[in-house]
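Here is the structure we will look at, set down as structure tokens.
The values are calculated or read from the model by the stated rules, or taken from the named source; none is laboratory data. Keep in mind the model is a prediction, meaning the values are calculated, not measured. Because the Cβ atoms are built from the backbone with ideal geometry, glycine has one as well, and the counts that use them run over all protein chains shown.
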């Protein structure tokens, strides 16, 4: 629920004069969610909602949709002509120097870049500078309350158990039938989700051998999809409790369908695990010391380990993503590859750390979820982090 006092406290925290939230026909999903506008209420005219650091907000709405923001506090300005729209913007921003919008300079961060360049140009005529609202968005989109933290932990128990279900199924099928299809393993995981009250937007990834070298492999679509004894297998799964405000648990683990894991797999896994742990350590050290931490720094800490080991060209995606009610949430990502993520890693947010090395023969990824609580304690969630490749036929 929108709380003016919380927004204005955030503006004070980040030393901003105000936040200008804008939408046209659903173009700015972030603004609509922050302003509690139902998804089935679209509208066909532009609106602006200006929240100053102190004082009352101002609404700018079209005459034929003049009630669009009536559920929010503040003075209302109604426009009809384009000249009145532009005058309304000048009026509402009078005396404002720095205003935040869902904008990213040079589109460096497309996750928050929801306002078109022309609108930014228009607003820029009335203020000294327009700056990204990324950290403000995080506070209202990515920060979890205690209920969501509890829901994540509950989901994590079931996602953690899903790996045991999958490995047991693989081992049993190989012993009884000599092989098992990737898709059959995926189906067993989905059945486990259903039985434990979980839901997901997409089935998990089950990838054998060379398929695991494709970070976004679609299960069952490779040239050879039967898992046999003596093969490398990657499982990436994500799900949340099927309840209102549920948040995701998203993990990746790897196994070998034999009793002893070959050195070629063990070597790559140890590099990936060391990279993962370097990222976790940086987060822990930063919050213990109170030093601000930006998402790109976590990515670089992991990437340095893999590059130093000589496999930098095979780490082809960012280190991690924000986690929320969507698997890929609207908080800071751990990214210095696809974007230079300058948003802060904030308390009460959750994100993945999942470095990987993807070779033509096989690929290794180790994914954990990290949550920072309100006391700045860092939690690696959903079971213990994987420290070695699982010898499936030995353990199951």
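So how many residues does the range 21-45 have that are in a loop (DSSP other than H, G, I, E, B) and touching a strand residue (DSSP E or B) at 6+ places or on another chain (Cβ under 7 Å)? Qualifying residue count for the region: 3.
Among the conditions (1) in contact with a helix residue (DSSP H, G or I) (Cβ under 8 Å, 6 or more places away or on another chain); (2) under 28 Å from residue 314 (Cβ atoms); (3) in a strand (DSSP E or B), residue 252 misses just one, which is (1). When the range 203-246 is filtered for residues that are surrounded by fewer than 16 Cβ atoms within 10 Å (Cβ to Cβ), without any contact (Cβ under 8 Å) to a residue 24 or more places away in the chain and touching a strand residue (DSSP E or B) at 6+ places or on another chain (Cβ under 9 Å), the ones remaining, listed by number, are 216, 218, 224.
For the structure I just gave you, tell me whether residue 379 is closer than 30 Å to residue 225 by Cβ, modelled with pLDDT of 95 or more and assigned by TED's automatic domain parsing to the domain that holds residue 237. No. Tallying residues that are surrounded by fewer than 17 Cβ atoms within 10 Å (Cβ to Cβ) and closer than 16 Å to residue 245 by Cβ within the range 155-181 yields 0. Does the range 255-271 hold any residues that are touching a residue at least 60 places away in the same chain (Cβ under 8 Å) and part of a loop (DSSP other than H, G, I, E, B), and which are they? Within the range 255-271, 257, 258, 259, 260, 261 meet the criteria. Within the range 46-65, the set of residues being in a loop (DSSP other than H, G, I, E, B), surrounded by fewer than 17 Cβ atoms within 10 Å (Cβ to Cβ) and touching a strand residue (DSSP E or B) at 6+ places or on another chain (Cβ under 8 Å) comprises 56 only. Condition check for residue 84 on (1) over 30 Å from residue 335 (Cα atoms); (2) in contact (Cβ under 8 Å) with a residue 12 or more places away in the chain: one failure, at (2).
Restricting 304, 299, 277 to those that are farther than 13 Å from residue 334 by Cα and surrounded by 19 or more Cβ atoms within 10 Å (Cβ to Cβ) reduces the list to 277. Of the residues in the range 106-113, at least one is surrounded by fewer than 21 Cβ atoms within 10 Å (Cβ to Cβ), in contact (Cβ under 8 Å) with a residue 12 or more places away in the chain and in a loop (DSSP other than H, G, I, E, B).
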